[in-house]
Amino acid sequence: MQEWANQLCENRQFGSKMTDSKYFTTTKKGEIFELKAELNSDKKEKKKEAVKKVIASMTVGKDVSALFPDVVNCMQTDNLELKKLVYLYLMNYAKSQPDMAIMAVNTFVKDCEDPNPLIRALAVRTMGCIRVDKITEYLCEPLRKCLKDEDPYVRKTAAVCVAKLHDINAQLVEDQGFLDTLKDLISDSNPMVVANAVAALSEIAESHPNSNLLDLNPQSINKLLTALNECTEWGQIFILDCLANYTPRDDRESQSICERVTPRLSHANSAVVLSAVKVLMKFMEMLPKDLDYYGTLLKKLAPPLVTLLSAEPELQYVALRNINLIVQKRPEILKHEMKVFFVKYNDPIYVKLEKLDIMIRLASQANIAQVLAELKEYATEVDVDFVRKAVRAIGRCAIKVEQSAERCVSTLLDLIQTKVNYVVQEAIVVIKDIFRKYPNKYESVIATLCENLDSLDEPEARAAMIWIVGEYAERIDNADELLESFLEGFHDESTQVQLQLLTAIVKLFLKKPTETQELVQQVLSLATQDSDNPDLRDRGYIYWRLLSTDPVAAKEVVLAEKPLISEETDLIEPTLLEELICHIGTLASVYHKPPSAFVEGSRGVQHKRIPIRSGSGESSESQDTGGAPGATEAPAAVIPSQGDLLGDLLNLDLTPPTSTAGAPPGPPMPMGGMDLLGGGLDSLLGGDIGGSPSMGSGFGAPAAVMPSSLNAPVGGGLGDLFDLGGGVGMPMGTFVPPKTLWLPAMKGKGLEIMGTFARRAGVIQMEMTLTNKAMSVMTDFAIQFNRNSFGLAPAGPLQVPTPLSPNQTIDVSLPLNNGGPVMKMEPLNNLQVAVKNNIDVFYFSCQYPISMLFVEDGKMDRQVFLATWKDIPNENEAQFQINDCHLNSDAASNKLQGSNVFTIAKRTVEGQDMLYQSMKLTNGICVLTELRVQTGSPTYTVSLKCRAAEVSQCVFQCYEAALKN
Amino acid sequence: MIGGLFIYNHKGEVLISRVYRDDIGRNAVDAFRVNVIHARQQVRSPVTNIARTSFFHVKRSNIWLAAVTKQNVNAAMVFEFLYKMCDVMTAYFSKISEENIKNNFVLIYELLDEILDFGYPQNSESGALKTFITQQGIKSQHHSKDEQSQITSQVTGQIGWRREGIKYRRNELFLDVLESVNLLMSPQGQVLSAHVSGRVVMKSYLSGMPECKFGMNDKIVIDKQQGKGATSDDSAKSGKQSIAIDDCTFHQCVRLSKFDSERSISFIPPDGDYELMRYRTTKDIILPFRVIPLVREVGRTKLEVKVVIKSNFKASLLAQKIEVRIPTPLNTSGVQVICMKGKAKYKASDNAIVWKIKRMAGMKESQISAEIELLPTNEKKKWTRPPISMNFEVPFAPSGLKVRYLKVFESKLNYSDHDVIKWVRYIGRSGIYETRC
């Protein structure tokens, strides 16, 4: 870092002319001392020079806080430049030297009275940046004066200062009545004062979600719209962003605001344009679709969006990420503008990738020929990521536009002929998807694909190829040879490939049983005996059992008809999309994540919603339009679909539990019986066998070895599964259930783990008690989770204060997040855990109550609830009964609230209380319920609706547990 | 809002660091250096999220400007602000370079204090800023009270881009219509996409607070006028060509609501250079040149390329600075070129044949042919032919835009529209002008 300061010494030679860079040259020892002397010099010029040197050092990252008193002494000056430098220093170091900072107060207070408005503003601006309580106290009086200053420049600075002060001490701002003064400034005669007041109020309002601080009403909106025409480009952005939070009373008000906002679409500043687009996109929702104006507005939106693409590349990127959202919400706006998204040779890569995404979204029968020609062109470019995405895009076109499928397939074949390795592999991956969409249509190409078998070195491509071979085994003469060739290096393959290979060979066996018996046995033993991967073993065992007990059932299960893959696999979930539309132009729209996902603290946690149209006298019809019109047909892809694209058999096709539960323990039990119990079977079959007393006898071997006293803990290991069946003992809300045994010492080579889950302050905690029951010391603990349904993953390393000596017990708490890889588990809330220490790696599985995943802001707006309820198809509805519950509806509601289940509305019909409740999971899935409580009857009825029907069962269990605790 | 703003040199050393929010610490400075500037691979996104902190960056020559935040800020605004910041710095000390930044660090801090308050962008028009933030620094305290309030009212006022009391002996204005014409053509001569992005750039040296009105041959305006005026539609046939503008954006001095309702462009201009408007057209574009490529592969080690260019505009006009770039394969060993006009050279470093012609009149045709010798390679990947690109400059607007008038009214001072000397110039340049081969 010092290097460039040194380098600047040389600049000195040039510098008989005055340059500031020379201040960076002081690097010798004792400089602080020298600076001190210079700062205390009588000569003004020398002083100023010295302060400049100090600032230069500060920039470079050197600690010059020791000079605090000397620099502050220079503050009393009529030299404005020097004053500004001293202020800059103060802002940096005041916090570290609060006692000395107080020395500056007098000067600030004095400066706030200066006849020069520039100095008054400077003082109040700087004072607000000094985060020292004592100074803040003194700030109040000057600030009050400055808020009413005659000069607009001072007022606009003071307005922002209120926001600064609020950030330091919110209570003080409220007590001093600054908020009211700030509100008054919205009616100020100067547009810039209005804009800054709006910005400050919006920011303060964000941390007081329910304060109604902005108090937007038609009068204040009118004022804002007037100021909009007059203020700077930045002010226009503040005002538009604020307007976007307003909910007009009816469609007429909505239209009149839209009319006054549309001129902003011609502003040269892209941010003004995007903020205007946000307001329009939101308010449009309230307009009746048959209104002429609605059509006009739609037409007006396209050109400015296209114009954004001629901005600088960084802004293009922001614009494209937003257009991606807009296209999903309202495809009609840009449907004729395909060409502008064609990639230019010189576009930066981030622009290229985004354009490609939008091209696919806009692809339709009308323009598919053009799009394909382009994509083929892109597939020959240099950037590997881009080429891959282009190839993938061709596949998506095939799936999206049925008429083009043939052309897409032939384009892909052409690309395979290029023999460029990554192009070939990507092409094979997408051809597999095409097969899933159009079964039995393009198998003629399989021969070509098989030619490229050797060049595939990426797991995804290998897995795809294997899937194809397995799926069409009966039509490929040498399918067995092909698959056998993969089997040789089975252990070197990635899990994805291993799983796929296992399934493919089983499929092959079911299709051609006579020739492939040996092969199937080989793969089953590889999967079950020689692998450490629980997924693989689980699947291996299930096939083994299936095949050996009931080949017919096996055929039905394994060769079942797969559901067709949906057209668009990567649509954003409608509720998230709506929220993101409300954040157009902001970071959230760039990341495609709600602000709560990347903003800390209370800010941005509020979820924004598009208002629902409530036109006069047509309310019944209006609610239908509330849902996202463009996206309703597409089912929400809640759990990423790659898994089932690969034909993830276990998750996709497994028929209800009964088919395996009753089965006798048929499969040849390999020697690793012990391992089997610990490893995976319990988790695999637990849900099904849970409660079946035959469990012990089924796996007699291990049970017999165990002393009877240990029977219980072993049972406990499986016990959490029994728990699930009964649905009792689930931890709810703040209540944390007793820990259950997860890893018995027997299996853990002396390590015993008891554990439970809790949600504390919005963070999921995995709480464990580790006990060392072995003779030796344990160290080097680490933890890892297998992929699971909600992507739970440790948020940090496992903090075990090691060594853990024999007979020692410690409690650890591991915060979890949900950023891990996702794979659907059965049951949904199953979590497979691996714990490592210096002795070995241990596997166990446990189940978390799904209520851990209910987020604090899961409360839905009533209207949204209504619209969503209607929106979810009836086949997703599940109904359950809860018996023996003696709470009244209010108590129930309170209890559930503790688990982040929010009651939105209550209705009483004929002595029956109906509670309408919503909750939201960490991955954005919303669950809506209706709880019916008959007064005097201990039986409750719960109706659940959710786009992801799979979660219903788990949610119900939580309901029951919560109500009974 | 913006939590902090850092400027780095190409090595990642911080030149300027200004923190506006408490949630941004010194470690953010280093995080960006390590994760973005020192990252090995190419920049994959202008927005980077490191440990819940978002970094927005732009690069000017080898200087990095990064804005940092932990909140859900308006991303478009942050980038617009960074560009504006560059404009302001350029206005103060021309080129943005490491040396200039170091030489002006005090000034930059002063500017940053003024144009960004608590992370909220404030007036950042360099015209206004220059009235009270000067390189001499101390000017402001010598202002009289009147001057001071004039400064503050200008900075906060409705016309933040122009100060009062400007006087010129000669009122003069220069209007440049600068267009860049973009084309992507298939080898068969089919237009895949074409558009013109144009800018109207003004230099105004006008006294007082003049009211200006700008008119062009916008189809909507002309149709409207004809609808109002003459009943016969023969004026439409014989009358001037009008053009359909897809979209346009204006400098903040233009009254947008007036444009929206009447489609008239009225404004009080800033003093000196500025960009009045930008526009885009896609219909009836005059493509000044047509490129006809012909590539033949002779065996595995030879390529024959023939390219014909045709100029397609009035014979009386002259195009200038014509350059055609014909890409060559990476394994080119030698090139022989023959061209009728201009000079052509094979540039091995660019992997291209560069053919330059100084001038070319309209309705002409010229041709180049080249033989490219290739080294035999065992690479499987076929050479992917990048498109042939072209550069040129023509003295007309390829969109067909014509300036109809620019009227100046200044009621308080005694000069009229007629006294103003006006200059209009049209320049059409190639944007991305490519023909696939």
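General remarks:
- If you sort the three axes of the alpha carbon gyration tensor as a ≥ b ≥ c, you get a/c of 1.5 or more for region A:222-344 and a/b no higher than b/c, which makes it oblate.
- Simple Cβ-charge dipole of the protein assembly as shown, Lys/Arg +1 and Asp/Glu -1, about Cα centre, in debye nearest 20: 5600 debye
- Ranked packing of B:106-112, A:753-759, B:42-48, most packed first, by mean Cβ within 10 Å: A:753-759, B:106-112, B:42-48
- Structural descriptor for region A:179-298: relative contact order 21 percent, calculated from alpha carbon pairs under 8 angstrom and at least 6 residues apart.
- Förster radius 51 Å - calculated FRET efficiency between B:LYS258 and A:ASN817, Cβ distance, rounded to 0.05: 0.45
- In sequence order, region B:20-25 has phi-based couplings of 9, 10, 5, 7, 9, x Hz under the Karplus curve 6.51 cos²θ - 1.76 cosθ + 1.60, θ = phi - 60°, and Gly or Pro positions carry x.
- Out-of-range pairs (alpha-carbon distance over 24 Å; input B:LYS306/B:LYS341; A:LYS400/A:LYS432; A:LYS608/B:LYS84; B:LYS95/B:LYS345): A:LYS608/B:LYS84; B:LYS95/B:LYS345
- Inter-probe distance in nm under a simple model that places probes 7 Å from Cα toward Cβ, at B:ASP30 and A:ASP550: 6.3 nm
- Residue by residue along A:310-321, Cβ atoms of other protein chains within 10 Å of the local Cβ number 6 on average.
- Pairs over the 30 Å Cα-Cα cut-off, from the set A:LYS44/A:LYS164; A:LYS739/A:LYS964; A:LYS278/A:LYS824; A:LYS278/A:LYS870: A:LYS44/A:LYS164; A:LYS278/A:LYS824.
- Which of A:PRO738, A:VAL841, A:SER189, positive extreme of dipole for the protein assembly as shown (C-beta unit charges): A:SER189
- Extension gain (nm, one decimal) between A:ARG249 and A:ASN440, 0.36 nm per residue minus Cα-Cα: 63.3 nm
- Cα gyration tensor shape for region B:68-139, rounded if a/c is under 1.5, else prolate or oblate: prolate
- Prolate/oblate/rounded label for chain B (Cα gyration tensor, a/c 1.5): oblate
- Ordering A:GLN76, A:ASN116, A:GLN97 by Cα displacement along the dipole of region A:71-124 toward the positive end leaves A:GLN97 in first place; charges were set at the Cβ atoms of Lys, Arg (+1) and Asp, Glu (-1).
- From least to most packed, judged by other beta carbons within 10 angstrom and beginning with the fewest, A:ILE360, B:ILE326 follow the order A:ILE360, B:ILE326.
- Around A:ARG759: net Lys/Arg minus Asp/Glu count, Cβ-Cβ under 14 Å: -1
- Test item: A:184-197 mean partner chain Cβ contacts at 10 Å: 2
- Restricting region B:331-412 to GluC sites (Glu not before Pro) that sit in a DSSP loop and have at most 11 other Cβ atoms within 10 Å of their own Cβ leaves B:GLU379.
- Under 19 Å of direct C-alpha separation, and excluding same-chain neighbours fewer than eight residues apart, B:LYS283 reaches these lysines: A:LYS299, A:LYS300, A:LYS335, A:LYS339, B:LYS219, B:LYS237, B:LYS240, B:LYS402.
- Note on chain B: with charges restricted to the Cβ of Lys and Arg (+1) and Asp and Glu (-1), its dipole about the Cα centre is near 1600 debye.
- Inter-chain neighbour count for B:105-116: the average number of beta-carbon atoms from partner chains within 10 Å of each residue's beta-carbon is 4.
- Extent along principal axes [Cα atoms of the protein assembly as shown; Å; largest to smallest]: 108, 83, 78
- The phi torsions of region A:138-146, fed into the Karplus equation with coefficients 6.51, -1.76 and 1.60 and a -60° offset, translate into couplings of 6, 6, 4, 5, x, 4, 4, 5, 5 Hz, rounded to whole numbers, with Gly and Pro shown as x.
- Karplus-derived 3J(HN,Hα) values for region B:242-251, using 6.51 cos²θ - 1.76 cosθ + 1.60 with θ = phi - 60°, are 10, 10, 8, 8, 5, 6, 9, 10, 10, 4 Hz; glycine and proline are entered as x.
- Bridgeable aspartates and glutamates around A:LYS145 (alpha carbons under 18 Å apart, same-chain partners fewer than 8 residues away excluded): A:ASP111, A:GLU113, A:ASP114, A:GLU137, A:GLU174, A:ASP175, A:ASP180, A:ASP184, A:ASP188.
- Each peptide in B:34-40, A:857-863 receives the mean, over its residues, of other Cβ atoms within 10 Å, and ordering these scores from highest gives A:857-863, B:34-40.
- Among A:ASN829, A:ALA464, A:ASN222 - extreme Cα towards positive end, dipole of the protein assembly as shown, charges at beta-carbon: A:ASN222
No value in this document is a laboratory result; all are computed from the given coordinates. Everything numeric in this text was worked out from a predicted model, so none of it was measured. No Cβ is skipped: glycine too gets one built from the backbone with ideal geometry, and neighbour counts run over all protein chains shown.
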